[in-house]
Amino acid sequence: MEELEEGLLMQPWARLQLAENSLLAKSYITKQGYALLVSDLQEVWHEQVDASVVSQRAKVSVKRSTAVVMGAEQAPDCPPEAFLCHLDDLLRPLLKDIVCPGKATFSCERVAGALMLQVRSELSGLPFYWTFHCILASPSLVSQHLIRPLMGTSLALQCQVRELATLLRMKDLEIQDYQESGATLSRDRLKTEPFEENSFLEQFMVEVEHLLFPLSCATWLYFLFPGAQVVACIWVLGCLHGWKALSL
């Protein structure tokens, strides 16, 4: 089970769009079992099972499939590895937002705090049914997979933003020195205004509050610093282009 826990931790979060449900999810599937995390940014659900549990559920699923198709009471044996491989084949493109028409149908419903992710497909010519029984994740699991990575990323991006702001101030001083030496722009449209860090941060926070107010705090934290980084990079590019256009 440690392999599943470590493998899941290394997987990135991906968007999971199911009809009216917009979720985030990550999964890790091997021959030993699978681990799944799903979140709507309000709650986080988790399921982790080993091959023995998969085997028990597989027998029920195969019996149901053969009964539907042939009315048979005796279900053929199906190794759990086949189920796990098929689940991986179905989930992988879904989490990568790859359209596979007709390959599988996914749906979800909430039951007493749990999240049931249901899959319908075909396996070896028979109907394939599977339900992920996801229960609410523990606080330590949420911290491990959401809070710590977000905080670590936000701190790293804050350092990058400070470095970019310093670079912008240096570029402004460099451009000012060229101008004082008599250099002029060859094209007026490339002229940039000096970077005002305080004004930029104040305006950015106003825009963030306006755009992200309906979202949860986790979403706000996730989008805040990447946005600041992108805007700061635009300032850098603008100053660099202005510097290159200077005609000495």
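The values are calculated or read from the model by the stated rules, or taken from the named source; none is laboratory data. It should be emphasised that the depicted structure is a prediction, and the values quoted were computed from it without experimental measurement. No Cβ is skipped: glycine too gets one built from the backbone with ideal geometry, and neighbour counts run over all protein chains shown. Accessible surface areas use protein heavy atoms only, side chains included; no ligands, DNA or RNA. Shrake-Rupley method; radii C 1.70, N 1.55, O 1.52, S 1.80 Å.
Listing for the model above:
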quantity	calculated
Leading residue by the ranking (farthest from residue 204 (Cα to Cα)) among those in segment 161-186 that are among the acidic types (Asp, Glu) and surrounded by fewer than 11 Cβ atoms within 10 Å (Cβ to Cβ)	180
Considering residues of segment 49-77 that are outside any helix (DSSP H, G or I) and out of contact with any Gly (no Cβ under 7 Å at 6 or more places or on another chain) only, the residue modelled with the highest pLDDT	77
Cross-chain or 6+ apart pairs with Cβ under 6 Å, segment 5-21 first and open to solvent by 70 Å² or more (accessible area, probe 1.4 Å), then of a type in the set (D, E, K, R) and in a loop (DSSP other than H, G, I, E, B)	none
Among the residues listed as 123, 167, the single one being farther than 25 Å from residue 53 by Cβ and either out of contact with any Asp or Glu (no Cβ under 6 Å at 6 or more places or on another chain) or of a type in the set (Gly, Ala, Ser) (or both)	167
Residue identified as of a type in the set (A, V, I, L, M, F, W, C) and under 13 Å from residue 38 (Cβ atoms) among 168, 157, 115	115
Residue in segment 84-98 that is farther than 21 Å from residue 11 by Cα and buried (at least 17 other Cβ atoms within 10 Å of the Cβ) present	no
Filter result for residue 39 (modelled with pLDDT of 85 or more and either among the aromatic types (Phe, Trp, Tyr) or crowded, with 19+ Cβ neighbours inside 10 Å (or both))	yes
Residue count for segment 135-160, restricted to those that are within 16 Å of the chain's Cα centre (by Cα), aliphatic (A, V, I, L, M) and open to solvent by less than 70 Å² (accessible area, probe 1.4 Å)	3
Scan of segment 1-29 for residues that are assigned to a loop (DSSP other than H, G, I, E, B) and at pLDDT 85 or above, ordered by number	11, 12, 13
Selection count where residues are open to solvent by less than 80 Å² (accessible area, probe 1.4 Å) and not in a helix (DSSP H, G or I), scope segment 195-207	1
